[in-house]
Amino acid sequence: MSIERTLAILKPDCVRKNLIGDVISRIQGAGFKVRALKMVQLSLREAEGFYVVHSERPFFGELTAFMSSGPCVPIVLEKENAVLDFRALIGATNPAEADEGTIRQAYADSVGENIVHGSDSVENGRLEGNYFFPEHSIVNNTP
Ligand code: GTP
Ligand code: MG
């Protein structure tokens, strides 16, 4: 296994429910290092750009409206095997199917409002990280 980066986004429902601290605490407790972080309000166009791979899906309108409905918190995370380990930590897309102990099982209300995003590959992690953070703003040396 090698050190990887993945992009997390604490979605607008996470921010609205005042769960930023709780979710970051779980993420750090699982051994992920924060390499970049900010709060940002996406426009509808920006949300459409981020989720362009889903543009043909029936839920695209709902998804992009939700992702632009309030501020969200993108975070570049680093850890050995980060991509798969983060997907395991957040749980299934539908919180009703998410395992006990996962972030979505604990906090998410529905498949549409599921608290957190996680990249699905190392390459997408890099692309998605660069969607929010220029390479020079991602730090390498936090303890
Ligand atoms: P992300 O980490 O956000 O990418 O979720 P995922 O990788 O677990 O799921 P996927 O990439 O397949 O879908 C992206 C997002 O679209 C999901 O997180 C959901 O919020 C949303 N989504 C997926 N399926 C549905 C659906 O059937 N209905 C609605 N409303 N939203 C959906
Ligand atoms: Mg996905």
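The values are calculated or read from the model by the stated rules, or taken from the named source; none is laboratory data. On a predicted model such as this, the values are computed, not experimentally measured, just so you know. Counting neighbours? That spans all protein chains shown, and the Cβs are built from the backbone with ideal geometry, glycine included. Accessible surface areas use protein heavy atoms only, side chains included; no ligands, DNA or RNA. Shrake-Rupley method; radii C 1.70, N 1.55, O 1.52, S 1.80 Å.
When the helices of the chain are scored as -39500 (n - 2.57) per DSSP H run of n ≥ 4 and the total is divided over every residue, the value at 222 nm lands at -10000 deg cm²/dmol. Averaging the Cα positions of each part gives two centres, and for region 119-143 and region 35-89 these lie 13 Å apart. Near residue 111, once Lys and Arg are set to +1 and Asp and Glu to -1 for all other residues with Cβ below 11 Å from its Cβ, the sum equals -3.
Extent along the principal axes, Cα only, for the chain: 39, 34, 27 Å, with the longest axis given first.
Excluding ligands, DNA and RNA, the accessible surface per residue across the chain is 52 Å² with a 1.4 Å probe. Electrostatic tally near residue 52: other residues with Cβ closer than 12 Å to its Cβ, Lys and Arg +1, Asp and Glu -1, net -2.
A simple spin-label model places the labels of residue 16 and residue 62 1.4 nm from each other, with each point 7 Å out along Cα-to-Cβ. Charge dipole (Cα centre; +1 on Lys/Arg Cβ, -1 on Asp/Glu Cβ; no other charges) of the chain amounts to roughly 420 debye. Extension gain, residue 137 to residue 30, is 36.2 nm, computed as 0.36 nm per intervening residue step minus the present C-alpha separation. Using only side-chain charges placed at the Cβ, +1 for Lys and Arg and -1 for Asp and Glu, the dipole size of region 42-99 relative to its Cα centre rounds to 140 debye. Dipole check for region 74-143: with +1 at the C-beta of Lys and Arg, -1 at the C-beta of Asp and Glu, and the Cα centre as origin, the magnitude is about 140 Debye.
Once backbone amide H atoms are built at 1.01 Å from N, residue 4 has 79, 80, 81, 82 as its partners under 5 Å, excluding neighbours fewer than 5 places away on the same chain.
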